[in-house]
1. For the structure I just gave you, tell me whether Ala72 is surrounded by 17 or more Cβ atoms within 10 Å (Cβ to Cβ) and under 27 Å from Met1 (Cβ atoms).
2. Any residue at all in the range 56-72 that is closer than 20 Å to Ala18 by Cα and polar (S, T, N, Q)?
3. Give me the residue from the range 1-33 that is of a type outside the set (A, V, I, L, M, F, W, C) and in contact with a Ser or Thr (Cβ under 6 Å, 6 or more places away or on another chain) and, out of that set, farthest from Glu116 (Cα to Cα).
4. Take the conditions modelled with pLDDT of 95 or more, over 18 Å from Arg14 (Cα atoms) and not in a helix (DSSP H, G or I) and apply them to Pro87. Does it pass?
5. Quick one: what pairs do we get from the range 46-60, first residue within 21 Å of Glu115 (Cβ to Cβ), second of a type in the set (D, E, K, R) and in a loop (DSSP other than H, G, I, E, B), C-beta under 6 Å, 6+ apart or different chains?
6. Given the conditions (1) out of contact with any strand residue (DSSP E or B) (no Cβ under 9 Å at 6 or more places or on another chain); (2) farther than 18 Å from Ile13 by Cα, and given that Leu63 satisfies all but one, which numbered condition is not satisfied?
7. Restricting to the range 31-57, count the residues that are over 20 Å from Thr2 (Cβ atoms), modelled with pLDDT of 95 or more and of a type in the set (A, V, I, L, M, F, W, C).
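The values are calculated or read from the model by the stated rules, or taken from the named source; none is laboratory data. Keep in mind that this is a model prediction, so the values were computed, not measured. Reconstructed Cβ throughout: ideal geometry from the backbone, glycine too, with neighbour counts over all protein chains shown.
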Amino acid sequence: MTTLVLAEDDLDIRAIAARILRRAGYEVIEAADGSEALEAVREHRPGVVVSDIDMPVMSGVDLCLALRADPATADLPVIFVSGSLVPGDPRPEQAQATAVLPKPFLPRELVDCVEEALSRR
């Protein structure tokens, strides 16, 4: 079973996304912000990270940059899930995100995005 870290500050969205991913067969480690997610990545060594961009304490962009700066996690797929992105927003590219999924998303879109990111690894 592949483990993933899900970083989302909105409890309802996090619960929905976690349920979708668990039903798809993933072990999901939940985090309320980027700082918690970074600790979870270091502890659990997941196969992929799914992260909101705009979160308190540490944003998804800062999380992704921290992961890219560490040789142990530099190639870890990071999927941004965000409702605040506008076309041409440079943040995902600057952070070297693997993929971006806009909110709201369909359950199948989330699972497909995770599967695609894992297949590229």
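1. So Ala72 fails the test.
2. The answer is yes, given that some residue of the range 56-72 is closer than 20 Å to Ala18 by Cα and polar (S, T, N, Q).
3. To start, the set of residues in the range 1-33 that are of a type outside the set (A, V, I, L, M, F, W, C) comprises 2-3, 8-10, 12, 14, 19, 22-23, 25-27, 30, 33.
Retained after the next criterion (residues that are in contact with a Ser or Thr (Cβ under 6 Å, 6 or more places away or on another chain)): 26-27.
Numbers: Tyr26: 14, Glu27: 17 Å.
For the range 1-33, the residue satisfying everything is Glu27.
4. Criteria not met by Pro87.
5. Close Cβ pairs (under 6 Å, with a partner that is of a type in the set (D, E, K, R) and in a loop (DSSP other than H, G, I, E, B)) amount to Asp52/Glu8; Gly60/Asp52.
6. Among (1) out of contact with any strand residue (DSSP E or B) (no Cβ under 9 Å at 6 or more places or on another chain); (2) farther than 18 Å from Ile13 by Cα, Leu63 violates only (1).
7. 1
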